[in-house]
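The values are calculated or read from the model by the stated rules, or taken from the named source; none is laboratory data. Because the structure is predicted, anything quoted here is derived from the model rather than measured. Positions of Cβ are generated from backbone atoms using ideal geometry, with glycine treated the same way; all protein chains shown enter the neighbour counts.
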Amino acid sequence: MVHAGFLQVEKSHALMSHVLFRVNDLDEARERVANVFSPHDLRVLATGETLDTRMCHVPIGRVSLNRLDYGATVHIDPGLTRDFFLVMMPLVGVSDVTCGKESIRSNPRWAAVVTPTLGLRMRMQHGCDQIVVRVDRALLERYCAQHLGRDLGRAVEFALDMDMKSSQAGSWCRLIELLVSASGQERGMLGSPLVRAHFEQMVVDALLFCQPNTYTEDLWRPAPPIAPHCVKRAEEYIRAHADRPMTIVELAEYAGASTRALYAGFQNFRSVSPMAFLKAVRLERVREELMSGSARRETVTAIAMRWGFSHLGHFTADYKRKFGETPSQTHRRAR
């Protein structure tokens, strides 16, 4: 079995159900890849090698999972990516990456984290097959600013090298493995807008907190608790919008607090996290629907999925813990 840190080649095959294109023409490959990333210079370097470019693509809001293999040794020069960060994780093979003043030889042990404000160029060797995570720059900067509770004084810059076997990268790798696995499920978690919004936030937060960057020390500094007024505003917002995708950043902006301060406020005054409070509200809404006459023709699964509960085992356990009976028992009693 071939490993890329925690990532496994076998598990990554789930992305093969999302092949975006497979082409042999250089200009077409350049154009098709640019449609997902950005315009770039692309050249085949090794004499006698034939381009065989294959790309898989799974959008998750303003984040996307991609698998890319050029089938030849190529030089890629996009200059500045400008609008997005990239995390490039070779499953097999080698890619020489230069971003700003840093250079690394990326391989299954070392991923490359690309900053959009720094010049980028790459040399991907023949046989380099990698998973590439694209993260929208505006989204990441918004989350970072909201976590800090202030505007960013300078652009977010990440260290280029990510040690895939480090404890810090372990959480990132497990999250990507989960998303890759979910992408292969025809009627899985990623089919729910609520779940996609949740995973979008998880990817951004995992990158911010797992990979060293400009604001790492500030992000890990404890935040003081906030006044109950802000907690109440957040609670009101959750109850009014529990049926729509929601992130901690959106919630904190409405409450007028940083995400760290909002977490601290909920822990101090409610003994739960904001997202745990959201889940509790959604469980209440599921129960209301299960007990209503309008739900007689619907299954428990359909109602649970509509409220963002994609893992039915966890949902059933949480529901029984809160209400003392299973969702099916509530449903049968209402019918």
Does any residue in the stretch 109-125 that is touching a residue at least 12 places away in the same chain (Cβ under 8 Å) and more than 12 Å from Asp96 (Cα to Cα) come within less than 9 Å, Cβ to Cβ, of a residue that is polar (S, T, N, Q) and part of a strand (DSSP E or B) six or more places away or on a different chain, and which pairs are these?
-> Val113/Asn213; Thr115/Asn213; Gly119/Thr98
When you scan the stretch 247-278, how many residues do you find that are over 22 Å from the mean Cα position of the chain (by Cα) and not aromatic (Phe, Trp, Tyr)?
-> 11
Here the residues within the stretch 152-203 that are part of a helix (DSSP H, G or I), crowded, with 16+ Cβ neighbours inside 10 Å and charged (D, E, K, R) are Glu177, Arg196, Glu200
Within the stretch 312-329, tally of residues that are in a loop (DSSP other than H, G, I, E, B) and either of a type in the set (A, V, I, L, M) or at pLDDT 90 or above (or both) = 1
Tell me which residues, restricted to the stretch 281-307, are closer than 20 Å to Phe266 by Cβ, in contact with an Asp or Glu (Cβ under 9 Å, 6 or more places away or on another chain) and not β-branched (Val, Ile, Thr).
-> Arg282, Leu283, Arg285
With the first residue restricted to the stretch 47-63 and required to be without any contact (Cβ under 8 Å) to a residue 12 or more places away in the chain, and the second required to be outside any loop (DSSP other than H, G, I, E, B), Cβ contacts under 8 Å at 6 or more apart or on different chains are none
Of the candidates Arg154, Arg142, the one satisfying the condition of being touching a helix residue (DSSP H, G or I) at 6+ places or on another chain (Cβ under 7 Å) and among the basic types (Lys, Arg) is Arg142
Scanning for something of a type in the set (Gly, Ala, Ser), over 28 Å from Leu208 (Cβ atoms) and not assigned by TED's automatic domain parsing to the domain that holds Leu190, does the stretch 249-269 turn up at least one residue?
-> no
Can you spot a residue in the stretch 207-214 that is among the hydroxyl-bearing types (Ser, Thr, Tyr), part of a loop (DSSP other than H, G, I, E, B) and either without any contact (Cβ under 8 Å) to a residue 60 or more places away in the chain or closer than 26 Å to Arg109 by Cβ (or both)?
-> yes
Got at least one residue in the stretch 112-125 being within 17 Å of Asn213 (Cβ to Cβ), surrounded by fewer than 19 Cβ atoms within 10 Å (Cβ to Cβ) and not assigned by TED's automatic domain parsing to the domain that holds Val249?
-> yes
Keeping to the stretch 126-141, report how many residues are under 14 Å from Val249 (Cβ atoms) and among the acidic types (Asp, Glu).
-> 2
Identify the residue in the stretch 255-290 that is within 15 Å of Ala145 (Cβ to Cβ) and of a type outside the set (A, V, I, L, M, F, W, C) and, among all such residues, is surrounded by the fewest Cβ atoms within 10 Å (Cβ to Cβ).
-> Gly256
Of all the helices (runs of 4 or more DSSP H) wholly in the stretch 224-275, which have at least 2 residues that are more than 26 Å from Phe309 (Cβ to Cβ) and among the aliphatic types (A, V, I, L, M)?
-> 259-269
